[in-house]
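Chemist: Can you read through this structure? Questions will come right after.
Computed from the coordinates by the stated procedures, all read-outs in this text should not be read as laboratory data. Being a predicted model, the structure only gives us computed values, none of them experimental. Cβ: placed from backbone, ideal geometry, glycine included. Neighbour counts: every protein chain shown.
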Amino acid sequence: MATIVVDGVEFEVDEGQNLLHACLSQGLELPYFCWHPSLGSVGACRQCAVIQYADADDTRGRLTMACMTPAKDGTRISIQTETAKQFRASVIEWLMENHPHDCPVCEEGGECHLQDMTVMTGHTQRRYRGRKRTFENQYLGPFLNHEMNRCITCYRCVRFYNDYAGGTDLQVFGSRDRMYFGRTTDGVLENEFSGNLIEVCPTGVFTDKPFSESYTRKWDLSSAPSICAGCAVGCNTFVSERYGRLKRVHNRYHGELNGYFLCDRGRFGAGFVNSTDRIEHVGERVEDDFFDVLDVEVGIAKLAEMIRQGDVVGIGSPRASLETNVALKTLVGEAQFCTGMSSAEESLVDLIIQTQRATSADIPSLSDVESADAVLILGEDVLNTAPRVALALRQTVRNRALNLAGEAGIPQWQDAGVSSHAQGRLNPLFIASVLPSGIDDIAADLLHDVPLNLADCGFAIAACIGEATGSEPDFVRKAAAALRSAQNPLIVSGTSTRTRAIVEAAGAVVAALESAGKVPRLLLVAPEANSFGSGLIGGGLDMNTALQRVASGSTKTLIVAENDIFRRAERERVEQALCTVENLVVLDSLDTPTASLAGLVFPAATFAESTGTFVNYETRAQRFYCVFEPRHEIAPSWRWLAQAATDAGRDDLGWTHVDDVLEAVAASPNMAGVRAVAPDAGYLGSSLCKTPRETPRFSGRTAMNANVNIHEPKTSVDEETPLSFSMEGLNRDQPSALLPFVWAPGWNSNQSVFKFQQEVGGAAAGGDPGVRLLASGSIGTMPARSASVRSDRGGVDTGFRLIPVQAIFGSDELSSRSPPVVERSSAAFMIFSPMDAERLGATQGMGVSCSVLGATFAVTVDAAMKSGYVGVSVGFTGAEGELPDGLIGLAVDPNYRPTPNPHDRVIARG
Amino acid sequence: MISQLVSLWKVFLHLFASNETVQYPSKKKWWWSKPTKVMPYLAPRYRGRIILTRDPDGEERCVACNLCAVVCPVDCIALQKTEDENGRWYPEFFRINFSRCIMCGMCEEACPTYAIQLTPDFEICEYDRNNLVYEKEHLLINGVGKYPDYSFWQVAGKTIFGKNKGEAQNESPPEDVRSLLP
């Protein structure tokens, strides 16, 4: 700790930090632009100028940039001195010289860091009367709007996009006052984290395009803390609503998980909530594809009757909350409950849970991931299955520069110094994967092979860590050496190839590192937002057995909660089961193929309209809160089930409140921690009110619904959660799990997040949210290596062996029904080796049809693909479910016409 | 003493001054004549019924910036932004609940485009409160109102139909970023 004196007042600050960081952490107001806690300081904008004094006798001092000056013990500075204030006012006046008169038509207006800083420095009168410099804008794809006139050249965008996220297609062009931040030509910003530019840009150059389409000012949004449903990472988000529509998803700071950044799937993948495919009423199927709307009571009575008759099998879902899954499990009984994961997924998730418990290696949070110093990715395509992990891994590799800087005595926040001292030296990252991916550029070495060979490679690395024979392949030897010599080795693997042996191999590497006296960490990626929750709840039936049982006709009723079974097993198997069962009841939010076969459909609430709990890859249980009241008859699935069960005379599901269900969840094995995730509905904040979802300046209260009802009914009382549908109360001092938005006086933009942190860039105030359900540490035994059946590779004549390939945009069920993600994702594709493509007579851009999958796929040729194997885009049309084993015949489809790629569109627009 | 006398004299003179108070809504000229409707003179800046005006080019002035809604002390304005194919912002709907409006004029003050204006018309009473909810079709007039010349889009940096980058007031033509000239 160091003591610094600011305007005559002493503060105890962190010595390793710069003065700007120190001042903001102490709650002092100092304007800045180019500095970002995750990006460090470069001193580009000159906005955080302060006067620094040599000693107590120095009355004159000198001007320094706070972000570029270390907070050494005894530093004396002044923020308030007239010279410093004048300097900062001049800087902002220069920055504003060319700034367009756009605020009313700018999506950033009202949450603009530039507006806030302009007000903070007191620049209220425009003196410059000259002409303003202008730029043409670019089309940047379905996610972002570009408005270059507003730029103040702080360089944050390229520092984030290129340095932090590894993008290559956003650059700085031009010279002097003509700096242009954009692409060489119009086109989609390719990086998977481009959406963060919305939050990184201090003004309105990069704005949220889908949000802009039905734009609402920040002060008018009512928001709630939520958890991203896009993958197993469980990034914390703010989800915002107005007029009954979900408007946008923003990052909610979590010190251990997502920090300041989200991936584009998470940010733009929630649009399905507003979909026209939403199921909004209770429906009964009358004839093929037609549903009659039923009265809620009638629908529940019908379901109750089915429950009363017995013989009910329930299929839950890894995309539904713990609450819904537990409700269904309680209703049908463990022996009749299936978690809803496919058999392959479920066995993998079980394997992961078993491995994580058996090993003493910790499951790393993302901040732990960033602190590792050697990484092996074994068979997992993290950029496409858990994108935020890939962004963290990029920092892991880059953080070598921080270690080197530490040795050289360069402060860690000195971004330019740190990176130029490192001279491109990186922490070693070894990637063994099926196909090249977007993070290959930072890998020390790569291996591309088919999944079983990757597993072999993993076992070989494990053996090599124990004792090197010298005859290992290069990749194995290098990876083993790097992991062995590391302080914090990290192994990343997962389920994306649906190969057990890969997860077993990852476990073996960790075990080898442990016996070599290391303290490794093991990150195993699960497929979906609540896969771990489903795995921990468990069920008596796996998917194939459940479907078999249903198809055999011994089951009267099948209840499916928020799941599309066609994505969980092969088509024939599913069709056979769903068409045999007498009563098929589906509770879902979207119209899915399963829902259209149902006899009785109940409208289920999405994550934005209900309150529930997801368990992420760290087994961290996290609560998401309903943002708005669902329209029509939409209700959380557990409520439909509990209501029907109660009507059927069951007394163990008499739940009327989400906290009742939570009690039931907490009573299940491994789940005791879920109570502590967030306060219960009775929690009142420091203002003795519930925490408000609406901002203090929420507008239109007496006019919003005046066209429907002039009488302004009382705001609905939220009895389910500690949040209220109102602006009353304080958004302050509550546990971080209850933070609905960030705003502080004078800080309207998302930069106000530091007011909700313990120190700038540290843990969230009140502790980072979420509770880990499993502690790792030698419980049970490490799963042994299963005898993997080595099957022959295929060929053009015999048919190909299919390997699942994941895509960030399109493989996930819910986000792939969000319009901007649809626009960004490609058509279903198959990846061939050049040799196979040639022998098949297929070239890039042609189509191949697959009779087994019943669909046509666009051909992609990749030299890394092994001959005899074909990568198939899973989750896309035709490959929604589990891929069939065995050799699959493919043929070129002469009638295939590629769908025009919307990304090629160039719009010359301002 | 003198000033008191002057004051008394001035007050006395007022006995013969014409009335400032107007008989409203109607007045009889003589005691036997029928009452006729009276509309007093109200200055243009009088704060009565709210209207939405148009730009000199005939398009809607309102850019749906929401500043009127947020400044409204009774929260009686609600709107939703949308935009045309050329990027011009306008309100998809614009609703004022006049049964809540207190005619304070803060919306007019906040409006950066002179779109929302208060007029001297104060006769907006209704028997049914529902009729006091005005939508955009009731608010929008075919004219510029009190500010004939101002056009926000001609000073803003965003492109709209008929105005490209660099064509607004006080703007230089778009920079050629590929130029290497100093």
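Chemist: If you add up the charges near A:Asp647, with Lys and Arg at +1 and Asp and Glu at -1, over every other residue whose beta carbon is less than 13 angstrom from its beta carbon, what do you get? Write out the running numbers ahead of the final one.
Modeler: Working: positive: A:Lys302, A:Arg308, A:Arg639, A:Arg650; negative: A:Glu297, A:Glu305, A:Asp651.
Neighbourhood net charge equals +1.
Chemist: Let me ask something else about it. Taking N as the number of residues in region A:310-453, what is its alpha-carbon radius of gyration divided by 2.2 N^0.38 Å? Mind dumping the intermediate values first?
Modeler: On the way: Rg = 20.9 Å, N = 144, 2.2 N^0.38 = 14.5 Å.
So the Cα radius of gyration is 1.44 times the expected 2.2 N^0.38 Å.
Chemist: Work out the mean other chain Cβ neighbour count within 10 Å for the residues of A:144-152 and drop it here as an integer.
Modeler: Working: counts 0, 1, 0, 4, 5, 9, 2, 0, 0.
Mean shielding count: 2.
Chemist: Using Cα-only point scatterers and the Debye equation, what is log10 of I(q)/I(0) for region A:417-468 at each q in 0.19, 0.20, 0.23 Å⁻¹, rounded to two decimals?
Modeler: -0.74, -0.78, -0.89
Chemist: What size of dipole, in debye to the nearest 20, comes out for region B:29-93 about its Cα centre when the only charges are +1 on Lys and Arg C-beta atoms and -1 on Asp and Glu C-beta atoms? Mind showing how you got there, number by number?
Modeler: Working: 10 positive and 9 negative charges, 191 e Å.
For region B:29-93, the charge dipole is close to 920 debye.
Chemist: Hey, got the average number of other protein chain Cβ atoms within 10 angstrom for residues in A:208-215?
Modeler: On the way: counts 0, 0, 0, 0, 5, 3, 5, 8.
Mean inter-chain Cβ contacts per residue within 10 Å come to 3.
Chemist: Suppose the Debye formula is applied to equal point scatterers at every Cα of region B:1-110; what is log10 I(q)/I(0) at q = 0.10, 0.19 Å⁻¹?
Modeler: Cα-only, vacuum Debye calculation for region B:1-110: -0.58, -1.03.
Chemist: Once you mark the GluC sites (Glu not before Pro) that are in a DSSP loop and have at most 16 other Cβ atoms within 10 Å, what is the longest gap between them in chain B? Spell out each step's value before the answer.
Modeler: Values: sites that count: B:Glu20, B:Glu59, B:Glu85, B:Glu123, B:Glu126, B:Glu135, B:Glu167.
Result, exposed sites excluded: B:21-58.
Chemist: Now for a different question. Taking the number of other C-beta atoms within 10 Å as the exposure measure, put B:Leu132, A:Leu587 in order starting with the fewest. Show your work: numbers first, answer last.
Modeler: Details: B:Leu132 18, A:Leu587 31.
Fewest-to-most Cβ neighbours within 10 Å comes out as B:Leu132, A:Leu587.
Chemist: Can I ask one more? Dividing the Cα radius of gyration by the Kirkwood radius, what Rg/Rh value follows for chain A? Write out the running numbers ahead of the final one.
Modeler: Details: Rg = 28.1 Å, Rh = 29.0 Å.
My calculation of the ratio gives 0.97.
Chemist: What does the charge count around A:Ser596 come to, taking other residues whose C-beta lies under 9 Å from its C-beta (Lys +1, Arg +1, Asp -1, Glu -1)? Provide the component values of the computation, followed by the final result.
Modeler: Numbers: positive: A:Arg285; negative: A:Asp289, A:Asp591.
With Lys, Arg at +1 and Asp, Glu at -1, the net is -1.
Chemist: Which Cα, out of A:Gly74, A:Val42, A:Asn18, lies furthest along the positive dipole direction of region A:1-98 (beta carbon charges, K/R +1, D/E -1)?
Modeler: Going by the Cα projections, it comes out as A:Val42.
Chemist: Further question: Enumerate by residue number the chymotrypsin sites (Phe, Trp or Tyr not before Pro) in region A:203-292 meeting two conditions: DSSP loop (anything except H, G, I, E, B), and at most 14 other Cβ atoms within 10 Å of the site's Cβ.
Modeler: Values: sites: A:Phe206, A:Phe211, A:Tyr215, A:Trp219, A:Phe238, A:Tyr243, A:Tyr253, A:Tyr260, A:Phe261, A:Phe268, A:Phe272, A:Phe290, A:Phe291; in loops: A:Tyr215, A:Tyr243, A:Tyr253, A:Tyr260, A:Phe261.
Answer by residue number: there is no such site.
Chemist: For region A:90-146, what Kirkwood radius comes out of the mean inverse Cα-Cα distance, in Å? Please report the intermediate quantities before stating the final value.
Modeler: Working: mean 1/r = 0.0764 Å⁻¹.
Mean inverse Cα-Cα distance, inverted, gives 13.1 Å.
Chemist: Which whole-angstrom value gives the distance between the alpha carbon centres of region A:531-598 and region A:270-307?
Modeler: 17
Chemist: If region A:534-658 were replaced by its equivalent ellipsoid, with semi-axes equal to the square roots of 5 times the Cα gyration tensor eigenvalues, what would those be, largest first, whole Å?
Modeler: Working: eigenvalues 127, 65, 49 Å².
After diagonalising the Cα gyration tensor, the semi-axes are 25, 18, 16 Å.
Chemist: If you average the C-alpha positions of region A:1-62 and of region A:617-683 separately, how far apart do those two centres end up, in angstrom?
Modeler: 47
Chemist: If you count, for every residue in A:687-700, the Cβ atoms of partner chains within 10 Å of its Cβ, what is the mean? Please report the intermediate quantities before stating the final value.
Modeler: On the way: counts 0, 0, 0, 0, 0, 0, 0, 0, 1, 0, 4, 3, 12, 12.
Taking the mean over all residues of the peptide, I get 2.
Chemist: Sort by residue number and report every cysteine in chain B with no other cysteine beta carbon within a distance under 4.7 Å.
Modeler: So far as the 4.7 Å Cβ criterion goes, B:Cys62, B:Cys65, B:Cys72, B:Cys76, B:Cys101, B:Cys104, B:Cys111, B:Cys125 stand without a partner in chain B.
Chemist: Also: For region B:107-122, take each phi angle, set θ = phi - 60°, evaluate the Karplus expression 6.51 cos²θ - 1.76 cosθ + 1.60, and give the result in whole Hz per residue in order, putting x for glycine and proline.
Modeler: Result, ordered by residue: 4, 5, 5, 7, 5, x, 10, 6, 6, 8, 9, 9, 10, x, 7, 10 Hz.
Chemist: How much length is gained if the chain between A:Arg839 and A:Arg308 is pulled fully straight, taking 0.36 nm per residue apart and subtracting their Cα-Cα distance, in nm to one decimal?
Modeler: On the way: separation 531, 0.36 × 531 = 191.16 nm, distance 5.96 nm.
So the chain would gain 185.2 nm between A:Arg839 and A:Arg308.
Chemist: Once you charge only the Cβ atoms, +1 for Lys and Arg and -1 for Asp and Glu, what is the size of the charge dipole of region A:236-311 about its Cα centre, to the nearest 20 debye? If you can, show how the numbers build up before the last one.
Modeler: Numbers: 11 positive and 14 negative charges, 173 e Å.
With Lys and Arg at +1 and Asp and Glu at -1, about 840 debye.
Chemist: Might you report the magnitude of the Cβ-based charge dipole of the protein assembly as shown about its Cα centre, with Lys and Arg at +1 and Asp and Glu at -1, to the nearest 20 debye? All intermediate terms of the calculation are to be shown ahead of the outcome.
Modeler: Values: 101 positive and 133 negative charges, 704 e Å.
Magnitude of the dipole: close to 3380 debye.
Chemist: Sticking with this one: If each residue's Cβ is checked for other Cβ atoms within 10 Å, how do A:Arg631, A:Arg573 rank with the fewest at the top? Walk me through the numbers before you get to the answer.
Modeler: Working: A:Arg631 12, A:Arg573 20.
In order of increasing Cβ crowding within 10 Å: A:Arg631, A:Arg573.
Chemist: Taking Cα centroids, how far is region B:63-78 from region B:143-182 in Å?
Modeler: Result: 26 Å between the Cα centres.
Chemist: In addition: In region A:732-840, how does Rg compare with the Kirkwood Rh, expressed as the Rg/Rh ratio over alpha carbon atoms? All intermediate terms of the calculation are to be shown ahead of the outcome.
Modeler: Details: Rg = 24.8 Å, Rh = 20.6 Å.
Here the Rg-to-Rh quotient is 1.21.
Chemist: Same structure, new question: Which of these, B:Phe94, B:Phe122, B:Phe12, has the largest mean-square fluctuation under a Gaussian network model of chain B (Cα springs below 10 Å)?
Modeler: B:Phe12
Chemist: Between A:Lys714 and A:Ala468, how many nm apart are label points set 7 Å from Cα along the C-beta direction?
Modeler: Computed distance between label sites A:Lys714 and A:Ala468 equals 7.5 nm.
Chemist: Still on this structure: Listed here are the pairs A:Lys329/A:Lys556; A:Lys690/A:Lys714; A:Lys755/B:Lys158; A:Lys132/A:Lys755; which of them are more than 25 Å apart at the Cα? Mind dumping the intermediate values first?
Modeler: Working: A:Lys329/A:Lys556 17 Å; A:Lys690/A:Lys714 16 Å; A:Lys755/B:Lys158 33 Å; A:Lys132/A:Lys755 35 Å.
A:Lys755/B:Lys158; A:Lys132/A:Lys755, as the Cα separations exceed 25 Å there.
Chemist: Got a sec? Charge dipole of the protein assembly as shown, +1 on Cβ for Lys and Arg, -1 for Asp and Glu; which of A:Leu189, A:His99, A:Asn705 is way out at the positive end?
Modeler: Value computed over the given set: A:His99.
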